[in-house]
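The values are calculated or read from the model by the stated rules, or taken from the named source; none is laboratory data. Just so we're clear, the structure is a prediction, and the values are computed from it rather than from any experiment. Here the Cβ is made from the backbone with ideal geometry for all residues, glycine too, and neighbour counts use every protein chain on show. Accessible surface is based on the protein model in full, side chains and every heavy atom, while ligands, DNA and RNA are left aside. Shrake-Rupley method; radii C 1.70, N 1.55, O 1.52, S 1.80 Å.
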Amino acid sequence: MEYFAPKSVSEALSLLERYDGEAKVIAGGTDVMVDIKYKEEPGCLINIKAISGLAGIQETGGGVTIGPLTTIRELETNRLVREKLPVLWEAAHQFASLQIRNTATIGGNICRASPSGETLSPLLVLEAKAKLAFSGKESSQPFTSFFSGPGKTALGTKGLLTAIEVPYSAEGSRSAYLKHAVRGAMDIAMVGVAILITPDSGKNNLQDVRIGLGAVAPTPLRAAKAEALLRGKPLTPALLKEAAASAASESSPIDDQRSSAEYRRWIVEALTRRGLAQTWKAATGKEIV
Ligand SMILES: Cc1cc2nc3c(=O)[nH]c(=O)nc-3n(C[C@H](O)[C@H](O)[C@H](O)COP(=O)(O)OP(=O)(O)OC[C@H]3O[C@@H](n4cnc5c(N)ncnc54)[C@H](O)[C@@H]3O)c2cc1C
C-alpha cells in the first residue's frame with residue numbers, strides 16, 4: 001500500500017485521478033483503519049490532514065461553513081454550532097465516545113455515507129450543501145441529493161469534499177435530534193431522527209416542518225409525506241399520530257444484528273412523535289396531550 005500526505009486539494013485530486021479507484025482518502029481514520037484491518041487494504045492511502053483550509057467553523061453571511069476536517073468534538077464544543085445549529089450539536093454530542101469524537105471528522109462521517117451516520121439527518125433538515133472538488137472543477141450539491149446508497153456519494157472515487165455550507169434556520173425555528181441505540185452514544189444509531197420546525201408568526205400553525213431519518217433506508221432521507229401532512233396546520237394529537245405513522249411507512253429499514261426492520265419502524269414512529277411534540281412545545285409553548 002502506498003501512502004501520501006498531500007499539502008493541497010489539487011495535489012490530493014491528482015493522486016485520486018492517478019490511482020483511479022485504487023486510492024482511499026483518510027481523514028480521522030476511525031472508519032478507514034477499521035476497514036483496513038477487517039476488510040481490505042486500498043492500493044494507496046491519501047491522508048488529507050495536512051491540507052490547510054479544510055478544518056474549522058466559520059460564520060459566513062446567513063450561515064456557517066464547516067471544513068470537512070473539523071472533528072466531531074470541535075462541533076460539540078463550538079459556540080456557533082451549539083447556538084445556531086442545535087440539531088447538529090445534539091448529534092455531535094450523542095456521537096460515540098470522547099476518544100472517537102476527538103478523532104472522527106464531519107467530512108469522514110459524511111463521505112462514509114453510512115445510513116446510520118450521525119450528522120447526516122441533521123444536515124438534511126438544515127438543508128445544508130456540500131462543496132465538492134474534482135480535478136479541474138468544483139461544484140455545490142444539496143445533501144438531499146448527495147447520497148446514492150450505503151458508502152456511495154456524488155464524490156464517486158475521484159472527488160473530495162471541501163466544505164459543508166449550512167444556512168441558518170428561520171427565526172423562531174426549533175429542532176431536535178433523537179438517537180436510539182442500545183448503549184446510548186457509545187453505539188451506532190439503530191434509528192436517528194432529526195426534526196426542525198418553524199411556526200408561523202402567531203405560533204398557531206406549522207409554517208415549515210422538516211423530518212430527517214437515519215439508519216432506516218439505504219441513504220438518510222427526508223420524510224416528505226409526513227412533512228406535507230403537517231405543513232400549514234396546527235399540531236394536534238391526531239395529526240401528530242398520523243404524521244409519525246407516515247414517517248415510519250416512508251422508511252425502508254433492514255433486519256440486521258442491531259435490530260429487526262419492524263422494530264426500527266416502530267422506533268421511527270415513536271421518535272418522530274416525540275421530536276415533533278418536543279419542538280412544537282419549545283416553539284409555541286403549547287403542550288400536546
Ligand atoms: C468505536 C467507534 C464508534 C463509532 N461511533 C459512531 C457513532 O456513534 N456515530 C457515527 O455516525 N459514527 C460512528 N463511528 C464511525 C466513524 O467514527 C464516523 O463515521 C466518523 O465520522 C468518520 O470520520 P473519520 O474522519 O474518522 O473518517 P475516515 O475513517 O478517515 O474516512 C471515512 C470515509 O470518508 C472518506 N473521506 C473522509 N474525508 C473525506 C473528504 N474530505 N473527501 C472525500 N472523502 C473523504 C474516506 O475515504 C472514507 O471512505 C464509530 C466508529 C468507531 C470505530
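Centre-to-centre, using Cα atoms only, segment 128-188 and segment 18-46 are separated by 20 Å.
Using 0.36 nm per residue and subtracting the Cα-Cα separation, the extra length available between Arg18 and Leu98 on full extension is 25.2 nm.
For segment 82-172, GluC sites (Glu not before Pro) are listed when DSSP marks them as loop and at most 13 other Cβ atoms sit within 10 Å of their Cβ; the list is Glu171.
Residues Cys44, Cys111, sorted by accessible area with the largest first, give Cys111, Cys44 [1.4 Å probe; ligands and nucleic acids excluded]. Counting only protein chain heavy atoms and rolling a 1.4 Å probe, the accessible areas of Val191, Val25 rank, largest first, as Val25, Val191. Between Ile267, Gly285, Tyr177, the Cα set farthest toward the positive side of the dipole of segment 164-289 (charges on each charged residue's Cβ, about the Cα centre) is that of Gly285.
Stretching Asn205 away from Asp35 to a fully extended chain increases their span by 56.5 nm, per 0.36 nm per residue minus the current alpha-carbon distance. 3J(HN,Hα) along segment 13-22: 5, 5, 5, 4, 5, 5, 8, 5, x, 8 Hz, from the Karplus curve 6.51 cos²θ - 1.76 cosθ + 1.60 with θ = phi - 60°, whole Hz, x for Gly and Pro.
Over the chain, what percent of the accessible surface lies on carbon and sulfur atoms, probe 1.4 Å?
Details: 6640 of 13240 Å².
That share works out to 50 percent.
Among Ile188, Ile48, Ile36, the residue with the largest mean-square fluctuation in a Gaussian network model of the chain, with springs joining Cα atoms closer than 10 Å, is Ile36.
Please compare each pair in Lys84/Lys179; Lys152/Lys233; Lys84/Lys203; Lys179/Lys225; Lys37/Lys131 to a cut-off of 25 Å on the Cα-Cα distance and tell me which ones are over it. Beyond 25 Å: Lys152/Lys233; Lys37/Lys131. Met33 sits with roughly 100 Å² accessible to a 1.4 Å probe, with DNA, RNA and ligands left out of the calculation.
With the whole protein complex present, Lys203 retains an accessible surface near 100 Å², based on a 1.4 Å probe. Taking the longest Cα principal axis of the chain as reference, the axis of helix 237-250 is set at about 30 degrees.
Computed over protein heavy atoms with a 1.4 Å probe, the accessible surface of segment 6-82 works out to 52 Å² per residue. Let's test the formula: R0 of 51 Å, r as the Cβ-Cβ distance of Ala238 and Met1. What FRET efficiency results, to the nearest 0.05? FRET efficiency, Ala238 to Met1: 0.30.
Comparing Gly275, Gly67, Gly29 in a Gaussian network model of the chain, where Cα atoms under 10 Å apart are tied by springs, the biggest mean-square fluctuation is seen for Gly29. For Arg265, the solvent-accessible surface with a 1.4 Å probe is about 90 Å², rounded to the nearest 10.
Sequentially through segment 98-107, phi angles give Karplus couplings (6.51, -1.76, 1.60; θ = phi - 60°) of 4, 4, 5, 4, 5, 10, 5, 10, 5, x Hz, Gly and Pro residues having no value and appearing as x.
Near Gly63, the amide H atoms lying under 5 Å from its own belong to Tyr168; only residues 5 or more places off or on other chains count, and H is placed 1.01 Å from N.
Ranked by accessible surface with a 1.4 Å probe, highest first, in what order do Asp187, Asp31 come? Write down the numbers at each step before the final one.
Working: Asp187 35, Asp31 60 Å².
Accessible-area ranking of Asp187, Asp31, largest first: Asp31, Asp187.
Restricting the calculation to Cα atoms, the chain yields a radius of gyration followed by a Dmax of 19.1, 61 Å.
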